[in-house]
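What follows is a short report on a single structure.
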Amino acid sequence: MTLLHPVSLKTLPQPPCWTQLPSVTLNDATLAGRKVRVLDRMRQQGLDTLIVYADKEHGGNFEYLTGFIPRFEEALLVLHQNGEAILVLGNENLKLAAHARLKNRVLHAPWFSLPNQPMDSVQPMHEVLQSAGINGDKTLGLAGWKLFTGINDNTRQMFDIPSFIVDAVREAAPGADLCNATGVFISPAYGARVINNANELAHYEYGANLASTAILQALHAVVPGKTEKEIACLLAADGQPHNVVSIAATGDRFAHANLYPGDKTVQLGDKFSLTTSFKGGLSSRAAYVVEHAGQLPDAVSDYLDVVAIPYFRAVVAWLENIRPGMTGGELYQLIEDVLPKAEYHWHLNPGHLVADEEWLCSPVSAGSDIPLASGMLLQIDIIPSRAGYAGASIEDTVALADESLRQQLAVDYPQLWARVLARRAFIEKYVGIRLPEWVLPFSNTVGYLRPWLLDHSRALSCK
């Protein structure tokens with residue numbers, strides 16, 4: 001039986017934050033290990049060749065091995081079972097092949113370039129792919145970015161890759177067996193990318209720290225009279241690219257189908273939403289622009305008891321009970337027990353994996369027998385919805401780490417380890433959450449929920 005703690009609104013200090021941290025570069029051993037893991041999954045799946053698609057929005061699997069994304073073009077990585085790698089690149093990414101973290105041979109595919117750029121080629125595209133070793137004698141896996149889970153059709157033959165590329169593959173290898181092989185990278189059960197080593201965790205902690213520091217600065221800036229844009233500018237940090245659309249939205253969202261921070265002015269009593277995310281972690285908050293419950297509209301005057309506290313209890317239960325070896329189905333059921341879906345209307349997975357993408361995949365679903373594991377990087381992502389009320393959100397990032405991985409982090413990355421310990425100390429002393437030793441907070445704001453955005457001193461805490 002899950003213990004639900006009494007919760008109250010208490011005066012708390014601000015969570016500790018760190019600015020101007022150095023990035024952690026992925027080392028050569030990590031990149032070599034990634035290739036080994038992918039080749040191993042290819043063997044397990046019976047694949048002779050893996051064809052990895054990438055564009056700016058969907059470059060994570062490609063970047064996992066090469067170290068870069070193709071920016072404003074498309075690209076393919078062709079990886080053969082013998083370890084040979086061929087990069088098929090457009091006009092403006094050819095120069096990056098020499099800087100790739102993967103030994104490669106490069107082929108030019110002008111069709112991947114921007115409109116009206118030179119597309120001169122003496123070879124049709126299928127012949128270029130044949131030059132990359134794609135032929136009809138092989139079992140070919142195509143890796144896009146979707147798993148198509150829960151679909152009744154034959155998902156093995158569903159490809160989320162532009163048809164002109166899939167058509168060229170079929171023409172290059174008319175007798176080949178083609179299958180969707182995205183799971184090689186992101187299957188929550190066996191994907192190469194779902195488990196991180198110490199170097200990878202340190203690489204991603206930089207982004208989680210960055211996002212959570214920015215979100216706290218933006219929270220402090222929310223006052224009546226400011227525009228969404230004035231607050232949103234605080235969500236950018238260190239010149240790093242966001243991996244989601246940033247949110248700074250006051251009142252009702254999506255007016256005129258607008259997704260972005262605009263010129264709307266914050267008003268007392270408004271709902272307010274904030275989100276920012278970088279590689280390794282997203283932080284998100286949703287609450288009311290008030291100093292106390294007496295400033296809420298009458299229809300939602302019970303927001304604290306009806307939405308905020310039940311949601312906070314669910315996050316506490318998530319953090320105190322998650323563990324390596326726990327199945328995704330057990331974690332899903334835990335949240336269903338604490339925050340019933342029928343009443344709180346959440347519908348996405350209450351927790352998912354994070355990497356270069358904000359949402360990599362998720363082992364957490366009803367009945368899932370996929371075990372959580374040391375090295376997983378997870379986002380707390382429970383989204384309650386009660387009609388008429390603002391949402392409640394304290395989405396942040398944690399890592400699971402067994403004793404061996406914790407020791408390696410402490411030895412190899414002592415400054416990171418000191419930040420983790422400081423975050424744990426704040427969470428346990430002030431927020432009252434008893435974190436298991438294997439739960440490592442990578443965001444500075446894990447568990448920190450301020451329901452009244454104009455009151456910077458009080459947050460929810462377990463008694």
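From the alpha carbon centroid of segment 70-89 to that of segment 389-413 is 32 Å.
Ranked from largest to smallest solvent-accessible area, with a 1.4 Å probe on the protein heavy atoms, Trp18, Trp145, Trp346 come out as Trp145, Trp18, Trp346. Accessible surface for Ser385 stands near 60 Å², nearest 10, in the context of the full protein assembly shown (1.4 Å probe). If you average 1/r over every pair of different alpha-carbon atoms in segment 48-180 and take one over that average, what Kirkwood value in Å do you get? Taking the inverse mean of 1/r over all distinct Cα pairs, segment 48-180 comes out at 14.9 Å.
Working note: Karplus 6.51/-1.76/1.60 with θ = phi - 60° gives segment 280-295 the couplings x, x, 10, 10, 9, 9, 8, 6, 10, 8, 9, 8, 7, 4, x, 8 Hz, where Gly and Pro are set to x.
Centroid-to-centroid, using Cα positions, segment 132-148 and segment 216-285 are 40 Å apart. The H on the amide N of His352, modeled in the peptide plane, is under 5 Å from the matching H of Gln379, Asp381, each at least 5 residues off or on a different chain. By DSSP, the beta bridges lying fully in the chain are antiparallel in about 75 percent of cases.
Binning the C-alpha pair distances of the chain at 20 Å intervals from 0 yields a P(r) profile of 24, 52, 23, 2 %, listed from the shortest bin outward.
Annotation: amide H-H contacts under 5 Å for Ala143 (H modelled 1.01 Å from N, sequence separation of 5 or more, or interchain): Ile51, Val52, Tyr53, Ala181.
Less than 5 angstrom separates the built amide H of Ser393 from those of Ala286, all sequence-distant by 5 or more or on a different chain.
Under the combined filter of DSSP loop state and at most 14 neighbouring Cβ atoms within 10 Å, segment 72-181 retains these GluC sites (Glu not before Pro): Glu84.
Using alpha-carbon positions, what is the distance between the centroids of segment 297-357 and segment 1-51, in Å? Cα centres, segment 297-357 to segment 1-51: 21 Å. Report, in degrees rounded to the nearest 10, the 0 to 90 angle that the Cα long axis of helix 163-172 makes with the longest principal axis of the chain. So the helix axis and the longest Cα principal axis differ by about 30 degrees. Given a 1.4 Å probe and the protein chains as shown, Phe164 ends up with an accessible area of around 80 Å². Measuring with a 1.4 angstrom probe and ignoring ligands and nucleic acids, Cys462 comes out at about 10 Å² accessible.
Can you pull out the trypsin sites (Lys or Arg not before Pro) in segment 33-106 whose DSSP state is coil and whose Cβ has at most 11 other Cβ atoms within 10 Å?
Answer in residue order: Lys103.
Over segment 48-180, Cα pairs under 8 Å with separation of 6+ residues give a relative contact order of 24 percent.
Beyond 14 Å, what share of the Cα-Cα pairs of segment 282-334 is found? Please give it as a whole percent. That tail contains 65 percent of the Cα-Cα pairs.
The values are calculated or read from the model by the stated rules, or taken from the named source; none is laboratory data. For clarity, every value in this text was computed on a predicted model and none was experimentally measured. Please note: Cβ atoms are built from the backbone with ideal geometry, for glycine as well, and neighbour counts cover all protein chains shown. Accessible surface is based on the protein model in full, side chains and every heavy atom, while ligands, DNA and RNA are left aside. Shrake-Rupley method; radii C 1.70, N 1.55, O 1.52, S 1.80 Å.
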